[in-house]
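Working notes, structure below.
The values are calculated or read from the model by the stated rules, or taken from the named source; none is laboratory data. This structure is a prediction, so every number in the text was calculated from the model and none was measured. Virtual Cβ from ideal backbone geometry, glycine too; neighbours counted across all protein chains shown.
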Amino acid sequence: MALSTLTTSSPTLPELPALPELPTLPVLPARLPAPEPGWAENTDVIVVGSGVAGLTAALHLREAGLHVTVVTKVNIDDGSTRWAQGGIAAVLDPLDTPSAHALDTITAGVGLCDPAAVDVLVTEGPTRVRELMRWGAEFDRYPDGSLMLTREGGHHANRIVHAGGDATGAEVQRALHAAVRRDPWIRLVEHALVLDLLVDAGGRACGLTLHVLGEGAEDGVGAILARAVVLATGGMGQVYASTTNPTVSTGDGVALALRAGAAVTDLEFVQFHPTALYGPSFGDQQPLVSEALRGEGAYLVDGEGRRFMVGQHELAELAPRDVVAKGIFRQMRAQGVDNVYLDARHVPDLSRRFPTITASCLAAGIDPTGDLIPVAPAAHYASGGVRTDLRGRTTIPGLYACGEAACTGVHGANRLASNSLLEGLVFARRIAVDVAADLPPQAEPVAPVRSGGFVVDAAVRHPLQRAMTAGVGVLRSADSLAEAAATLTELSGARSTPCTETWEASNLLTVASALLAAAARREETRGCHWREDFPDASEDWRGHLLAAVDADGRLTEEWAARA
């Protein structure tokens, strides 16, 4: 199908630029074909995902007295949270202020942040971080017991709390995991891939279908009925060939929401982390070289040892991530190379302060205390996702979303460093409060009305990733997007039979197509989205592209302008 014509939310908006005709985008699965559920169970609330957002939501829902089932794709610790190195941004220094944190967040978001969502983040964030400490998280401290705060890109104050030097995510995951394990009323279902949302006769979410790789009664396709469903499935970095995301980050929650008809937004704003460890042997996940290392004085150089970020931005290597990623990409393109270098040889106590980065480097044959670290941008974080309000509610009643799978309005066109773990903590609690305040009785699901079910062959995964990297990566243009669209359409014809690998490949096709459509629509450069053929930001595009999948598997779009 050709992309639909944009509609505007107000007749007084300036008319948007006409778009060139694009190759046909694929028709997408309107549901995932699967055997009829062979088992079923009930709970009060299903939480899909076991990272910081999902486990925080589960703990707060339990505090409200609700029974919770946490569904996770592999093991409880296999998501993105444990890979977070830098830390959590929050105003914990008496000399810092929420308004300063908000200003840095809004500046990084390049005109597309929701100020109300940012205000929620920066004002409620410190309380949520202290709560995390009460749950057992241990952050790095000075000998006098005060928190050891550092700075990352885009921040004008030291407000990043960290653990184990560069192992913050692992410590957060450990503490939340332990808290969840202590509560017998939080049921954990591991090795479970969610398939499709179940809705009642009124269109309210009332459960979901899933496939469990288990034994006994909980094996194969089943159904869990619930009075509310929370999506906390993390990111979609695996749509790209080079990413810092784990292999499980295939956009399952966003794809499920799209198939259910929920609105998603801002998918074009994919943040590429400037400094992933470069090397041809890392497979599907590139090791991250945290921004915190630059916060401690490391700087970028080219192959001849020259710093190239000085003069490009007032913060040089600590500029917002999109600025640094573009600076690195320009340098690589100008010199015809695949990577630049991070010089951290002068950083005090490097191996003690950054043990995770040091271990990754040593495993690749690099000694960061004496060698330059080869780095290149890699897909890292999805600023967009399932559209929610300030209480985590999506456009489908009873369906909530939080964490990287959601678009709360906090990040705008570019996430500020270390705001992601904070967002998960803050909005997960807001969801729990809203769910507990108005939870209806359990309803029975109705038969699915969507008939366009199919899956694509698992073999499309790698060619899809290559096409997205080449055409919808750090640099984008009408030509590159058209080439990627043609590839996705061709790959969509490789149909197959339902299984875990083909369900995942179909999710990747769905989120990749929606991402590509938004990137093709937005004819400007803003934040993470960089169009070579439209190098400037435009006030005409100061708004959000909303997408959904209709009952026939076709992408639909709507335009929502910012005030």
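Could you figure out which of (1) out of contact with any Gly (no Cβ under 8 Å at 6 or more places or on another chain); (2) buried (at least 24 other Cβ atoms within 10 Å of the Cβ); (3) not aromatic (F, W, Y) isn't true of G234?
(1) is the only condition that G234 fails.
In the range 244-280, what residues are without any contact (Cβ under 8 Å) to a residue 60 or more places away in the chain and outside the structural domain of V74 (by TED's automatic domain parsing)?
If we filter the range 244-280 for residues that are without any contact (Cβ under 8 Å) to a residue 60 or more places away in the chain, which is where we start, we get 247, 280.
Residue satisfying the conditions is P280 alone.
Scan the range 519-561 residue by residue and report those that are in a helix (DSSP H, G or I) and either under 18 Å from A470 (Cα atoms) or of a type in the set (K, R) (or both).
Selection gives A519, A520, R521.
Could you give me the residue pairs with C-beta distances under 7 Å whose first residue belongs to the range 106-133 and is in contact (Cβ under 8 Å) with a residue 60 or more places away in the chain, whose second residue is in a helix (DSSP H, G or I) and among the charged types (D, E, K, R) wherever it lies, and which are 6+ apart or on separate chains?
L121/E423; R128/R429
Go through (1) in a loop (DSSP other than H, G, I, E, B); (2) of a type in the set (D, E, K, R); (3) buried (at least 18 other Cβ atoms within 10 Å of the Cβ) one by one and return the number of the condition E444 breaks.
Unmet condition: (3).
On the given criteria, is A241 in the same structural domain as A260 (by TED's automatic domain parsing) and either in contact with a Leu (Cβ under 7 Å, 6 or more places away or on another chain) or not in a loop (DSSP other than H, G, I, E, B) (or both)? Step through it out loud before you land on a result.
On the way: in the same structural domain as A260 (by TED's automatic domain parsing): yes; either in contact with a Leu (Cβ under 7 Å, 6 or more places away or on another chain) or not in a loop (DSSP other than H, G, I, E, B) (or both): no.
Here the answer is no, as A241 does not meet what is asked.
When you go through (1) at pLDDT below 95; (2) closer than 20 Å to G154 by Cβ; (3) buried (at least 19 other Cβ atoms within 10 Å of the Cβ) one by one for V310, which number turns out not to apply?
Only one criterion is unmet by V310, namely (3).
Out of all the residues in the range 256-264, is one or more at pLDDT 90 or above, of a type outside the set (F, W, Y) and under 12 Å from the mean Cα position of the chain (by Cα)?
Our first condition is that a residue be at pLDDT 90 or above; within the range 256-264, this holds for 256-264.
This time we only want the ones that are of a type outside the set (F, W, Y), so: 256-264.
Cutting the leftovers down to under 12 Å from the mean Cα position of the chain (by Cα) gives us none.
Looking through the range 256-264, none of the residues is at pLDDT 90 or above, of a type outside the set (F, W, Y) and under 12 Å from the mean Cα position of the chain (by Cα).
Given the structure, is D200 surrounded by fewer than 17 Cβ atoms within 10 Å (Cβ to Cβ), acidic (D, E) and over 25 Å from the mean Cα position of the chain (by Cα)?
On the way: surrounded by fewer than 17 Cβ atoms within 10 Å (Cβ to Cβ): no; acidic (D, E): yes; over 25 Å from the mean Cα position of the chain (by Cα): yes.
Judged against the criteria, D200 is not a match.
Yes/no matrix, rows are residues, columns are (1) surrounded by fewer than 21 Cβ atoms within 10 Å (Cβ to Cβ); (2) not charged (D, E, K, R):
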position	(1), (2)
E317	no, no
P320	no, yes
V324	no, yes
A363	yes, yes
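Of all helices (runs of 4 or more DSSP H) completely enclosed by the range 304-397, which ones contain at least 2 residues that are in contact with a strand residue (DSSP E or B) (Cβ under 8 Å, 6 or more places away or on another chain)?
Values: elements: 321-335, 350-353, 355-363.
Those helices (runs of 4 or more DSSP H) span 321-335, 355-363.
Suppose we keep only residues that are in contact with a strand residue (DSSP E or B) (Cβ under 9 Å, 6 or more places away or on another chain) and within 19 Å of V289 (Cβ to Cβ) within the range 164-190. Which one would you say is modelled with the highest pLDDT?
Only one residue fits best here, namely T168.
What about G65, is it among the small types (G, A, S), in contact with a helix residue (DSSP H, G or I) (Cβ under 9 Å, 6 or more places away or on another chain), assigned to a loop (DSSP other than H, G, I, E, B) and modelled with pLDDT under 65?
On the way: among the small types (G, A, S): yes; in contact with a helix residue (DSSP H, G or I) (Cβ under 9 Å, 6 or more places away or on another chain): yes; assigned to a loop (DSSP other than H, G, I, E, B): yes; modelled with pLDDT under 65: no.
Criteria not met by G65.
Looking for something out of contact with any helix residue (DSSP H, G or I) (no Cβ under 7 Å at 6 or more places or on another chain), crowded, with 20+ Cβ neighbours inside 10 Å and small (G, A, S) - is there at least one such residue anywhere in the range 463-477? Give the steps one after another, and end with the answer.
Looking only at the range 463-477, we keep the residues that are out of contact with any helix residue (DSSP H, G or I) (no Cβ under 7 Å at 6 or more places or on another chain), and these are 466, 469, 473, 477.
Checking the rest, the ones that are also crowded, with 20+ Cβ neighbours inside 10 Å come to 473.
Now restrict to residues that are small (G, A, S): 473.
Among the residues of the range 463-477, at least one is out of contact with any helix residue (DSSP H, G or I) (no Cβ under 7 Å at 6 or more places or on another chain), crowded, with 20+ Cβ neighbours inside 10 Å and small (G, A, S), which makes the answer yes.
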